[in-house]
Every structure is written in structure tokens, then in C-alpha cells.
1. Given the -39500 (n - 2.57) contribution per DSSP H run of 4+ residues, what per-residue ellipticity at 222 nm results for the chain, rounded to the nearest 500 deg cm²/dmol?
2. For residue 82 and residue 70, compute 0.36 nm times the residue count separating them, minus their Cα-Cα distance, and round to one decimal in nm.
3. What relative contact order, as a whole-number percentage, does the chain give when Cα pairs under 8 Å and 6 or more residues apart are counted?
4. Subtract the Cα-Cα distance of residue 6 and residue 21 from 0.36 nm times their separation in residues, and report this length gain in nm to one decimal.
5. So the label point goes 7 Å from the Cα of residue 114 along Cα→C-beta, right? Which residues of the range 121-155 then have their backbone N under 12 Å from it?
């Protein structure tokens, strides 16, 4: 007989806490293992302009999130996060106020590496399903502030 843990505010928050622990350890595969196969992903401020296309931070964890997290960790090898607050409910909704910080060593988006450091508050909204897997990740932050901290000034 197998028992499964019921989704509660505490268990949903536990999954998200583990997600940020794995993020801090740069374990992208471990982060995605905590997500359902078809988990939604939206990093609202992400918009990278190329010569023939615009990439946005919307899609699925496996196709947009995982490459984005991998790219961030490669560009910012000391990338870290500090969870300041976390609120969860029994419906699986988890909101976390998190500070993300790192020193740029490789190009990121349209920003050339200059060895600059950034520290930026982020608001994450997760949904944890009945199976205790994350099935939705949304994040917000001030991308202009992050760019300025990295020494990138863009004028449209």
C-alpha cells in the first residue's frame, strides 16, 4: 500500500522551497524534476530581440524555462537567490519574494559581459498541482534596473 502526501499550503511551500534550493545549487535538472511535464512558464520581463525574431519568456518549463535558467547560470556563474517571504494556500498557490543576484561573466541577452554585479528583487507566483509538482511558474522584476546595474543602457 502506498501513501501519497496531500497538497496543503505547507507541502506546496515545501516544493517551492526545494525549487529555490536547487536553483541556488545550479541544479537545473533538479529544478525541472520538481515541475510537471507540461508546466507553464512565464518570465514576464524577458524579451530578447534578434535579427529575425523576438524571444519572449513565455511557454513551458521544458522548452523556455530550462534553457533560460541554464543560460542565466552560465552567464552568471555565482548566481544566487535569497527567499525573503513565501505565502502559500491549500489550493497550491505559492507567492515568493526572492532576491536574485549574480556577477556577469558571459553575454546575456543583448548585454555584453563587463564583470558587473546585479541584485534585483523578483516576485514569483507558482502553482503546485495535486501531485505536488509545480505546474505553473510566473516571475516579475524590473528588467531596466537589472540592465542598468550590469552597465547596459538601451535607448529605443
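1. The helix contribution divided over the chain gives -7500 deg cm²/dmol.
2. Taking 0.36 nm per residue and subtracting the Cα distance, the gain is 2.5 nm.
3. Here the relative contact order equals 25 percent.
4. Extra length from residue 6 to residue 21 when fully extended: 3.2 nm.
5. Answer for this model: 147-154.
Quick note: the coordinates plus some simple rules give every number you see, no bench work behind them. Just so it is clear, the model here is predicted, and its values are computed rather than measured. Methodologically, a virtual Cβ is constructed for each residue, glycine included, from the backbone with ideal geometry; neighbour enumeration extends over all protein chains shown.
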